[in-house]
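As structure tokens, the structure follows; a few thoughts come after it.
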Amino acid sequence: MKFLAEEIEVYSETHTENENELLKSLNRETHANVLNPRMLSGHLQGRFLSMISRMICPEKILEIGTYTGYSALCLCEGLKVGGKLITLDINEELETLTQHYFDQSEFSNQIDYRIGNALDIIPTLTDIFDLVFMDADKINYISYFNLCLDKVRPGGFILADNVLWSGKVVDKELKKIDKDTQALLDFNNMVHQDHRVSNILLPIRDGLMILQKL
């Protein structure tokens with residue numbers, strides 16, 4: 001589902017700073033050679049993630065769901081000198097492609113790329129994070145949130161992608177709510193009522209929930 005008229009989206013992208021050449025190359029290669037390229041954050045959302053990171057100036061970032069690494073590279077643009085980003089993904093088939101682009105970036109020494117089940121890895125992390133970006137399987141969003149909240153500093157942020165799920169969260173015509181849609185409905189309702197965080201849901205691309213730990 002398109003949440004904005006196409007001409008508005010084009011106008012917005014036209015008046016948003018450009019991707020750098022590495023991100024453009026990764027964007028093109030993902031769309032040409034990788035399944036489900038819609039999972040890529042892309043130009044507009046990528047610049048938004050970069051802006052948020054630059055506003056926060058995080059020392060430590062956790063990303064759950066790497067895909068081909070586009071969002072990780074955008075988030076790294078705001079890292080403090082000496083900061084690091086840990087990014088987790090369960091799909092080892094994309095590891096070679098993703099690592100290739102990480103190795104080409106100026107942030108190569110700041111990215112800790114791990115393949116495995118995030119539900120198993122997150123409890124082992126001892127870092128306290130300034131920013132967490134959730135963009136993995138929707139079924140486990142509530143679990144990821146609960147695992148991460150204690151690892152986020154007070155005042156830190158959790159971003160959750162795809163929370164509008166192509167508009168399915170408000171689609172009254174659905175004959176049956178699938179598991180992913182129900183998981184996102186449950187997640188959105190839960191964090192909206194959680195007094196440990198403040199929240200805003202932005203209709204950027206497929207919906208982005210921004211949570212700040214109080």
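The values are calculated or read from the model by the stated rules, or taken from the named source; none is laboratory data. In this text the structure is predicted, and so the values were computed from the model without any measurement. Reconstructed Cβ throughout: ideal geometry from the backbone, glycine too, with neighbour counts over all protein chains shown. Side chains are part of the model used for accessible areas, which takes the heavy atoms of the whole protein and leaves out ligands, DNA and RNA. Shrake-Rupley method; radii C 1.70, N 1.55, O 1.52, S 1.80 Å.
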query = Can you name the residue in region 1-50 that is in a helix (DSSP H, G or I) and of a type in the set (Phe, Trp, Tyr) and is also surrounded by the most Cβ atoms within 10 Å (Cβ to Cβ) among such residues?
reply = 48
inquiry  = Can you tell me how many residues within region 140-187 are in a helix (DSSP H, G or I), β-branched (Val, Ile, Thr) and closer than 23 Å to residue 3 by Cα?
reply    = 3
key: Matching residues, region 87-107, being surrounded by fewer than 16 Cβ atoms within 10 Å (Cβ to Cβ), outside any helix (DSSP H, G or I) and either charged (D, E, K, R) or at pLDDT below 95 (or both)   = 106
ask   = So which of 166, 105 ends up being small (Gly, Ala, Ser) and out of contact with any Asp or Glu (no Cβ under 7 Å at 6 or more places or on another chain)?
value = 105
note = Note on region 188-214: residues modelled with pLDDT under 95 and either part of a helix (DSSP H, G or I) or among the charged types (D, E, K, R) (or both) are 205, 206
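So that you can scan it fast, the table gives a plain yes or no per residue for (1) open to solvent by less than 50 Å² (accessible area, probe 1.4 Å); (2) touching a Leu at 6+ places or on another chain (Cβ under 7 Å); (3) under 30 Å from residue 124 (Cα atoms):
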residue: 153; (1), (2), (3): no, no, yes
residue: 166; (1), (2), (3): yes, no, no
residue: 173; (1), (2), (3): no, no, no
residue: 179; (1), (2), (3): no, no, yes
residue: 186; (1), (2), (3): no, no, yes
residue: 189; (1), (2), (3): no, no, yes
residue: 193; (1), (2), (3): no, no, yes
residue: 201; (1), (2), (3): no, no, yes
residue: 206; (1), (2), (3): yes, yes, no
key: Qualifying positions in region 119-133 - not in a helix (DSSP H, G or I) and not hydrophobic (A, V, I, L, M, F, W, C)   = 126, 127, 130
ask   = Before we move on, is residue 110 under 26 Å from residue 54 (Cβ atoms) and either surrounded by 16 or more Cβ atoms within 10 Å (Cβ to Cβ) or in contact with a Lys or Arg (Cβ under 8 Å, 6 or more places away or on another chain) (or both)?
value = yes
key: So residue 72, is it open to solvent by less than 20 Å² (accessible area, probe 1.4 Å), in a helix (DSSP H, G or I) and not acidic (Asp, Glu)   = yes
ask   = If you check every pair at least six apart or on different chains, which have Cβ atoms under 7 Å apart with a residue in region 8-27 that is over 15 Å from residue 204 (Cα atoms) and without any contact (Cβ under 8 Å) to a residue 60 or more places away in the chain first and a residue that is assigned to a helix (DSSP H, G or I) and of a type in the set (A, V, I, L, M) second?
value = 23/73
key: Evaluation of residue 39 against (1) modelled with pLDDT of 95 or more; (2) within 16 Å of the chain's Cα centre (by Cα) (one fails), failing number   = (1)
